[in-house]
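What follows is one structure encoded as structure tokens, with my remarks underneath.
The values are calculated or read from the model by the stated rules, or taken from the named source; none is laboratory data. From a predicted model like this one, the values you see are computed outputs, not experimental measurements. Neighbour counts run over all protein chains shown; Cβ positions are idealised from the backbone, glycine included. Note: areas computed on protein heavy atoms with side chains; ligands, DNA, RNA excluded. Shrake-Rupley method; radii C 1.70, N 1.55, O 1.52, S 1.80 Å.
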Amino acid sequence: MMPSQHNANAHAQKPADAGFEADFAALLADIRSGVIERDRDRVLPVEQIRALQALGFGSRRLPSESGGAGDSVEQFFDKLIRLAAADSNVAHAFRGHIGFVDEVLLEPDSPRRRTWLDRVAKGDLVGNAQSERQATTQITTTLTREGDQLALTGTKYYTTGSIFSDWIQLSALVEDEFVDVIAPATHPGVLSVDDWDGFGQRLTGSGTTTFVDVPVSPDDVRPYTTDGVREVYLSAVFQLVLLAVVAGILHSALDDTTAFVRARRRTFGVSGESLPREDPLVQSVVGELSSAAWAARALVLSTARELDAVSRAQQSGEADIDSVRAVQFTAYRAQQIVLPLALKATGELFEVGGASAVSSNLGLDRHWRNVRTIASHNPAVQRRRALGDFVLNDRLPVWGTTRSDAEQPVSTGAKR
């Protein structure tokens with residue numbers, strides 16, 4: 001748990017949230033208590049995600065009149081960082097749902113919008129399934145029409161969160177047109193398998209999902225676009241979710257490292273009792289880890305504030321593409337800072353204890369593994385070059401869509 005968090009955000013809490021905050025803190029403590037064992041034994045956090053949904057975590061961004069809590073983007077991302085500090089896999093599994101909810105909030109009032117706000121308010125969870133493994137990178141999942149009926153068939157990979165979900169948002173083809181589809185995850189024709197074999201973020205449900213003749217409502221099919229205000233905004237949201245998870249990992253790493261050092265009575269290479277917490281080298285490592293955790297959280301929340309302003313402007317019809325693209329750039333610049341900081345800090349934390357720090361019972365290795373996995377999701381190195389090109393030559397980068405930060409309407413194979 002981040003020590004300064006409750007004081008830092010006390011002004012942002014509504015009196016009506018006191019009950020939620022108490023229940024949320026208790027649930028986070030419970031989630032954190034089993035995190036090492038779940039990671040080691042590959043136990044999917046099904047019950048933990050259900051408990052969060054029962055508490056209303058997934059509907060926090062909805063306005064109160066729609067059954068939510070009216071959280072701003074900043075308030076919600078503060079909670080997401082805290083959740084990631086308890087279990088980064090659980091927080092990451094909500095990525096598709098978070099993007100979907102913000103997408104619905106940006107839409108003008110309509111029966112479709114009201115339907116989905118109602119479903120989210122009741123606790124429905126939306127997963128995400130975009131990538132395919134094709135030699136030509138083309139999407140082959142298809143939506144076919146028979147009379148008034150639509151049927152979805154295809155296979156998706158890296159489908160983060162879908163194994164826990166009630167609905168799955170994905171891309172498909174209708175004849176030669178790319179479309180965005182929402183399919184019922186509970187239909188017998190949908191099968192999600194936990195076969196993600198990465199060495200980090202192993203419990204996000206990022207496996208393979210197949211669809212066989214799955215009925216889809218025509219109301220849940222729309223053209224797939226990449227360059228509108230909504231799409232650019234959502235690309236920043238999807239990236240910021242990853243950075244919020246990394247910020248949470250850093251805070252968890254700091255807590256675990258601090259607990260490990262305080263309990264130790266001997267420093268390597270020093271005879272007798274020599275408290276590691278008094279060792280200047282150990283203090284330096286922990287100081288760097290503390291600074292990285294603070295910086296990551298600060299960058300995520302400051303970017304969230306910018307996103308919140310854009311979200312409000314879009315909902316009132318006042319957003320323009322330049323202001324939205326500016327906050328997208330902010331998210332991608334933050335990516336260039338947060339990821340290297342996190343990789344360095346979680347890689348060096350082992351210096352506080354020598355060989356004893358690599359014990360699998362401690363699980364300190366999961367922090368670096370998880371950061372390294374998230375850092376591999378999206379092409380940070382390409383974004384760095386694209387940002388420089390924009391600054392130098394005013395050339396707008398072509399780097400993504402709402403669904404995957406780096407994916408055009410073809411399958412790139414990038415993990416969600």
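Those helices (runs of 4 or more DSSP H) of the stretch 316-416 in which 2 or more residues are within 19 Å of Val285 (Cα to Cα) and modelled with pLDDT of 85 or more occupy 321-348, 365-375.
Within the stretch 60-75, the set of residues being in a helix (DSSP H, G or I) and either open to solvent by 10 Å² or more (accessible area, probe 1.4 Å) or without any contact (Cβ under 8 Å) to a residue 24 or more places away in the chain (or both) comprises Ser64, Glu65, Ser66, Glu74, Gln75. If the condition is being without any contact (Cβ under 8 Å) to a residue 60 or more places away in the chain and touching an Asp or Glu at 6+ places or on another chain (Cβ under 6 Å), then the stretch 197-224 contributes Gly207, Thr208, Arg222.
Only one of the listed residues (Ala69, Ala25, Ala29) is of a type outside the set (Ser, Thr, Tyr) and within 20 Å of Val120 (Cα to Cα). That residue is Ala69. Among the residues of the stretch 188-209, those identified as open to solvent by 40 Å² or more (accessible area, probe 1.4 Å), closer than 20 Å to Ala172 by Cβ and either out of contact with any Phe, Trp or Tyr (no Cβ under 9 Å at 6 or more places or on another chain) or in a loop (DSSP other than H, G, I, E, B) (or both) are Pro188, Val193.
Annotation for the stretch 164-183: at least one member residue is open to solvent by 40 Å² or more (accessible area, probe 1.4 Å), acidic (Asp, Glu) and within 22 Å of the chain's Cα centre (by Cα). Give me the residue from the stretch 102-160 that is small (Gly, Ala, Ser) and more than 25 Å from the chain's Cα centre (by Cα) and, out of that set, most open to solvent (accessible area, probe 1.4 Å). Only one residue tops the list, namely Ala135. The residue list Ser311, Ser291 contains one member that is part of a helix (DSSP H, G or I) and open to solvent by less than 20 Å² (accessible area, probe 1.4 Å), which is Ser311.
Here the stretch 127-168 is the region considered, the condition is being among the charged types (D, E, K, R) and outside any loop (DSSP other than H, G, I, E, B), and the residue that is modelled with the lowest pLDDT is Glu146.
Considering only residues that are in contact (Cβ under 8 Å) with a residue 40 or more places away in the chain and farther than 19 Å from Arg61 by Cβ, which ones fall in the stretch 298-325? Listed by number, the residues that qualify are Leu299, Asp320, Ile321, Arg325. For the stretch 210-252, the set of residues classified as part of a helix (DSSP H, G or I) and either under 19 Å from Phe178 (Cα atoms) or open to solvent by 10 Å² or more (accessible area, probe 1.4 Å) (or both) consists of Pro218, Asp219, Asp220, Val229, Arg230, Glu231, Val232, Leu234, Ser235, His251, listed by residue number.
Which of the residues that make up the stretch 363-387 are open to solvent by 30 Å² or more (accessible area, probe 1.4 Å) and farther than 25 Å from Gly200 by Cα? The answer is Arg385, and nothing else. When residues in the stretch 184-227 are screened for being over 30 Å from Asp39 (Cβ atoms) and among the small types (Gly, Ala, Ser), 2 of them pass.
Can you work out which of the residues in the stretch 85-100 that are under 19 Å from Val181 (Cβ atoms) and out of contact with any helix residue (DSSP H, G or I) (no Cβ under 6 Å at 6 or more places or on another chain) is surrounded by the most Cβ atoms within 10 Å (Cβ to Cβ)? In this case the residue turns out to be Gly96. On inspection, Gly347 fails the criterion of being farther than 22 Å from Ala296 by Cα and not hydrophobic (A, V, I, L, M, F, W, C). Among the numbered conditions (1) surrounded by 15 or more Cβ atoms within 10 Å (Cβ to Cβ); (2) modelled with pLDDT under 95; (3) among the charged types (D, E, K, R), the only one that Glu278 does not meet is (1).
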